[in-house]
Amino acid sequence: MITTAVVEAVECLKQGRVLAYPTEAVWGLGCDPLNQQAFLEILRLKQRPIEKGVILLAAHVSQVEYLLQSLSPQMQQTVIDSWTHRSPTERAITWLLPADQQVPAWIKGGHSKVAVRVTTHPLCVALCHAFNGCIVSTSANPAGDAPATSLQQAHQYFSDQVNYLDGDLGLSQQASRIIDAETGVVIRA
């Protein structure tokens, strides 16, 4: 299924199906993060090991605020500012945050932290708001191939094995940076 309707895309997520959708810079694959079967399907499609973990994508800080609680107030503000005070052309930042019991083990992979990004991409914001929570976000590509930058390329990779929410990519030229919020180590520059 290819749709431009967020409500149809959300229904796919609720039914445990995998969704391909445009993000700030590349196409992503997503699912309900609490649905382990849907998550395992993403790993199968990407040929990705579970140990790597994936990103949780949120529409608003309130959807992930509980994951910021163990950070210092100054670091909490730095993370929030990076999500809420950037222009659409700036590269997004994904933060590695301490995971709590609410984060499923399969989302973290072999890590004690979880990768989280609050998006400003209008379609992703609408999707997470309508879903009423975070969704999985990992690049739409089989391991070793370049991330899809169009619906056509995503469809070429995955054909009818996933559902598609058609729309425009954001204005960023690169996938998000990934930074560990506790150590400051840049994981993806």
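The values are calculated or read from the model by the stated rules, or taken from the named source; none is laboratory data. Here the structure is a predicted model, which means the values were calculated and not measured. Virtual Cβ from ideal backbone geometry, glycine too; neighbours counted across all protein chains shown. When the accessible area is computed, the model is the full protein with side chains, heavy atoms only, and any ligands, DNA or RNA have been set aside. Shrake-Rupley method; radii C 1.70, N 1.55, O 1.52, S 1.80 Å.
Seen from Gln74, the other residues with C-beta closer than 15 Å to its C-beta sum to a net charge of -2, counting Lys and Arg as +1 and Asp and Glu as -1.
Think of each Lys and Arg Cβ as +1 and each Asp and Glu Cβ as -1; about the Cα centre, that makes the dipole of segment 45-94 roughly 280 debye.
Seen against the Cα atoms of the chain and their longest principal axis, helix 36-46 is set at about 70 degrees.
With all protein chains kept in place, the per residue accessible area of the chain amounts to 46 square angstrom at a probe of 1.4 angstrom. With a Förster radius of 30 Å applied to the beta-carbon distance between Glu65 and Val7, the computed FRET efficiency rounds to 0.70.
When +1 charges are put on Lys and Arg Cβ atoms and -1 charges on Asp and Glu Cβ atoms, the dipole computed for segment 74-189 relative to its Cα centre reaches about 220 debye. Using the Karplus relation 6.51 cos²θ - 1.76 cosθ + 1.60 with θ = phi - 60°, the per-residue 3J(HN,Hα) values for segment 147-158 come to x, 5, 10, 7, 4, 4, 5, 4, 5, 4, 5, 10 Hz, with x marking Gly and Pro.
Applying 1/(1 + (r/R0)^6) with r as the Cβ-Cβ distance of Met75 and Gln15 and R0 = 30 angstrom yields a FRET efficiency of 0.20. Taking 7 Å steps out from each Cα toward its Cβ at Ser150 and Asp166 produces label points 1.3 nm apart.
Write down the Kirkwood hydrodynamic radius of segment 1-156, to one decimal in angstroms, obtained as one divided by the mean of 1/r over all alpha carbon pairs. Evaluated over segment 1-156, this radius sits at 15.8 Å.
Tell me, what % of the accessible area of segment 64-189 is carbon and sulfur with a 1.4 angstrom probe? Whole-percent figure for carbon plus sulfur exposure: 51. Only Cα pairs under 8 Å and 6+ residues apart enter the sum, and on that basis the relative contact order of segment 1-148 stands at 37 percent. Residues whose amide H lies under 5 Å from that of Trp27, counting only those 5 or more places away or on a different chain, are Ala140, Ala148, Thr149, Ser150; hydrogens are built 1.01 Å from N in the peptide plane. Positive contributions from Lys and Arg (+1) and negative ones from Asp and Glu (-1), summed over other residues with Cβ under 13 Å from the Cβ of Lys52, come out at +4.
Between Lys52 and Ser87, the distance separating the two model label sites (each 7 Å from Cα on the Cα→Cβ line) works out to 3.2 nm.
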